[in-house]
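Accompanying notes for the structure given below.
Laboratory data are not the source of any read-out in this text; all were calculated from the coordinates shown. Just so we're clear, the structure is a prediction, and the values are computed from it rather than from any experiment. Every residue, glycine as well, gets a Cβ built from its backbone with ideal geometry; the counts of neighbours run over all protein chains shown.
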Amino acid sequence: MSLVVVGSMAFDQIETPFGKTDKIIGGAGTFIAWCASNFTGVKQISVVGGDFPQSELDILTSRGVALEGVQIKKDEKTFFWSGRYHMDMNTRDTLVTELNVLGDFKPVVPESYQDCEFLMLGNLAPSVQSSVIDQLKTKPKLIVMDTMNFWMDIALDDLKHTISLVDVLMVNDSEARQLSGDYSLVRAAQKISAMGPKFIIIKKGEHGALLFHNDQVFSAPALPLEEVFDPTGAGDTFAGGFIAHLAKTKDISFDNMKTAIIVGSAMASFAVEKFGTERLRSLTQEEIHERIHQFVQLSSFDINLV
């Protein structure tokens, strides 16, 4: 059984108050794969152009990422995004978006991926996400979906259909409010859960994340960092850590999802320390374990009420 990841593999060009880059490797699928491959094997579904470096594909393969589901359109260009972050790093301006190969992406699930037990749907058009679900002959043990407000604006019906097919939905706090029409995040989670997902994860950036399941709520902290260089892939890295822990342990209980959120949060805290995937490339298992322990210590305390 396996973890299948669907998401973009792209070029990014980023400017923050701490510096700027030329074209670097990015994309939701890329961040998820780099992160998840620290914990388990990954079967990737994506599309790139002929300009995407073969060396990048080779290094993912060396990390246990299967690329049979990655389409390479040699005569076309890879998806490209350029953005500029403001000083608070929570807001950004999109400068350039070139869909290129992503514009008419029709994912194909290889036969070797049909053992999919855990499916991570990175942020893509909801119709693309649902097409992968439709191609699987056996329903996965768990389907996790990430999305964004862009699809709420232009493809709400498709989005709601795909949401109805998944077990876990990941959104940030503003997206949860937009999708539900409710400012209260508790009520927002209840309304989104009524659309189909059993679990709702609401990401709050530097303020951590919330996990909702029926009447149960878990609040995960965020690690206070002195400097955040680039938040572009933080949410995708969080998703990679979350789904990889579940795929590794094969335990989808609420308690284990709480652990998965801590793992995802720890991995995301690494991603923002440098531009693009740079920090993820140098991670060691010792660093990962130490960072997870730091998260545990953030909210661990004894109390004696008298």
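Have a look at THR40, THR78, THR16, THR61 and point out the one that is in contact with a strand residue (DSSP E or B) (Cβ under 7 Å, 6 or more places away or on another chain), farther than 23 Å from LEU121 by Cα and β-branched (Val, Ile, Thr).
Values: THR40 fails: farther than 23 Å from LEU121 by Cα; THR78 fails: farther than 23 Å from LEU121 by Cα; THR61 fails: farther than 23 Å from LEU121 by Cα.
Criteria check complete, one pass: THR16.
For VAL65, which of the numbered conditions (1) of a type in the set (Val, Ile, Thr); (2) free of Cβ contacts under 8 Å to residues at least 40 places away in the same chain; (3) more than 19 Å from THR237 (Cα to Cα); (4) in contact with a Ser or Thr (Cβ under 8 Å, 6 or more places away or on another chain) fails to hold?
Here VAL65 clears every test but (3).
Has segment 123-130 got any residue that is under 21 Å from ALA209 (Cα atoms) and either charged (D, E, K, R) or within 18 Å of the chain's Cα centre (by Cα) (or both)? Outline the logic, then answer.
Start the filter on segment 123-130 by keeping residues that are under 21 Å from ALA209 (Cα atoms), which leaves 123.
Next, only the ones that are either charged (D, E, K, R) or within 18 Å of the chain's Cα centre (by Cα) (or both) stay: 123.
Yes, because at least one residue in segment 123-130 is under 21 Å from ALA209 (Cα atoms) and either charged (D, E, K, R) or within 18 Å of the chain's Cα centre (by Cα) (or both).
Taking the residues in segment 5-31 that are touching a helix residue (DSSP H, G or I) at 6+ places or on another chain (Cβ under 6 Å) and not in a strand (DSSP E or B) as candidates, determine which candidate is surrounded by the most Cβ atoms within 10 Å (Cβ to Cβ).
Of all residues in segment 5-31, those touching a helix residue (DSSP H, G or I) at 6+ places or on another chain (Cβ under 6 Å) come to 5-9, 25, 28, 31.
Pick out the ones that are also not in a strand (DSSP E or B) and you get 7-9, 28, 31.
Details: GLY7: 26, SER8: 26, MET9: 29, ALA28: 27, PHE31: 32.
Out of the qualifying residues, it is PHE31.
Determine which member of the set ASP167, ASP173, ASP215 is surrounded by fewer than 16 Cβ atoms within 10 Å (Cβ to Cβ) and either within 20 Å of ALA28 (Cβ to Cβ) or not small (Gly, Ala, Ser) (or both). Steps first, please.
Working: ASP167 fails: surrounded by fewer than 16 Cβ atoms within 10 Å (Cβ to Cβ); ASP173 fails: surrounded by fewer than 16 Cβ atoms within 10 Å (Cβ to Cβ).
Matching residue, one of ASP167, ASP173, ASP215: ASP215.
Can you say whether ALA10 is touching a strand residue (DSSP E or B) at 6+ places or on another chain (Cβ under 8 Å), over 22 Å from GLN114 (Cα atoms) and of a type in the set (A, V, I, L, M), as far as the supplied structure shows? Show your work before the answer.
Working: touching a strand residue (DSSP E or B) at 6+ places or on another chain (Cβ under 8 Å): yes; over 22 Å from GLN114 (Cα atoms): yes; of a type in the set (A, V, I, L, M): yes.
Spelling it out, ALA10 is indeed touching a strand residue (DSSP E or B) at 6+ places or on another chain (Cβ under 8 Å), over 22 Å from GLN114 (Cα atoms) and of a type in the set (A, V, I, L, M).
Show me the helices (runs of 4 or more DSSP H) found entirely inside segment 233-306 where at least 3 residues are surrounded by fewer than 22 Cβ atoms within 10 Å (Cβ to Cβ) and not β-branched (Val, Ile, Thr). Show your work before the answer.
Values: elements: 234-249, 254-271, 278-281, 285-298.
The qualifying helices (runs of 4 or more DSSP H) are 254-271, 278-281, 285-298.
Which of the following residues is aliphatic (A, V, I, L, M) and part of a loop (DSSP other than H, G, I, E, B): VAL171, VAL166?
On the way: VAL171 fails: part of a loop (DSSP other than H, G, I, E, B).
Just a single option satisfies the conditions, and that option is VAL166.
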